[in-house]
Amino acid sequence: MPTTGVEETLGEFFGSIALRNLVEKKVLGGYEVPLAPLIARVSFWMFQVGSVLGRTLRDRLPILVKMIPMTADEPNPEQKVCDVLCMLATNRLKRYGRNPSSLADFWLETEFRVNLADMSRESLKDLCTQKVPLDEILAERKLDEWLSWGIGFGAEYPQLLQDLWAKTFENVDGEAWTRARSHGVALPETPTALPLKDMETVVLADVAIYAQKYFAHLLEPLGLTVPQSLRARVSGTTSESPK
């Protein structure tokens, strides 16, 4: 299994935020996550974060990918990972077959073949009854996988991501927002604008916190610093992944 050699991967670090209120304890031991919010909330959150990271740090991508699990016994593995992620982003866009109008629709349809516009409440109810063992999610590195797909997309299509972000989170379509919420996408009840620049600030601050803990030598090459207001999180507690 590809690894970074640290106790918490970058995907687990960000994924713990989305998973925290979804993990349920099983009667006979262990933990599980309902499938519907895993798809609509967790996976989409990871893709969002990855896309913003890939777009913002696209000129330093070979350095960024040092923090995601990869096979390390190949020559120049970082560049190979960058090339593969960007190629997969191109294939994803081709598979979609049309100009995306929503980041959520694009991700859910290309990753899970879920079309929010066509999905019935009965189908959603069926998804809600299914659950996935948390150990399975972590063992298969799904969090890092979704994050990585986002990194490749943001790096390969920075302008498209900017346009889709504006359509999805800035120039908010109230009807589409309501439809997405009704199908489980993690959005506030009232449409709220989230400028891409604000998301970049939040994501880069969290990546800096993660890097400070596990990859301090990459902070300077990535041009990252932990904001003064968040430095207590580095010396104290950080995001915990439910395990």
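Numbers for the structure displayed
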{"quantity": "Taking the C-alpha atoms of the stretch 2-52, convex hull volume expressed per residue in Å³", "calculated": "108 Å³"}
{"quantity": "Least to most buried among 66, 25, 167 (fewest other Cβ within 10 Å first)", "calculated": "25, 167, 66"}
{"quantity": "Distance (nanometres) between label positions extended 7 Å along Cα→Cβ at residue 111 and residue 217", "calculated": "3.1 nm"}
{"quantity": "The stretch 143-165 and the stretch 5-20: distance between their alpha carbon centers, rounded to Å", "calculated": "18 Å"}
{"quantity": "Rounded to whole Hz, the Karplus (6.51, -1.76, 1.60) HN-Hα couplings of the stretch 61-68, x for glycine and proline", "calculated": "4, x, 7, 4, 5, 4, 8, 10"}
{"quantity": "Computed magnitude of the charge dipole of the stretch 10-232 (debye, nearest 20; Cβ of K, R +1, Cβ of D, E -1)", "calculated": "180 debye"}
{"quantity": "Largest-first principal axis extents of the Cα set of the stretch 10-232 (Å)", "calculated": "49, 46, 39"}
{"quantity": "Order by protection proxy (mean Cβ within 10 Å, highest first), peptides 32-45, 205-218, 83-96", "calculated": "32-45, 205-218, 83-96"}
{"quantity": "Fully extended contour minus Cα-Cα distance, from residue 26 to residue 189, at 0.36 nm per residue", "calculated": "55.7 nm"}
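FYI, it's all coordinate maths here, none of it is from the lab. Please read these numbers as outputs of a predicted model, since none were measured by experiment. Glycine gets a Cβ as well: all are built from the backbone with ideal geometry, and neighbour counts include every protein chain shown.
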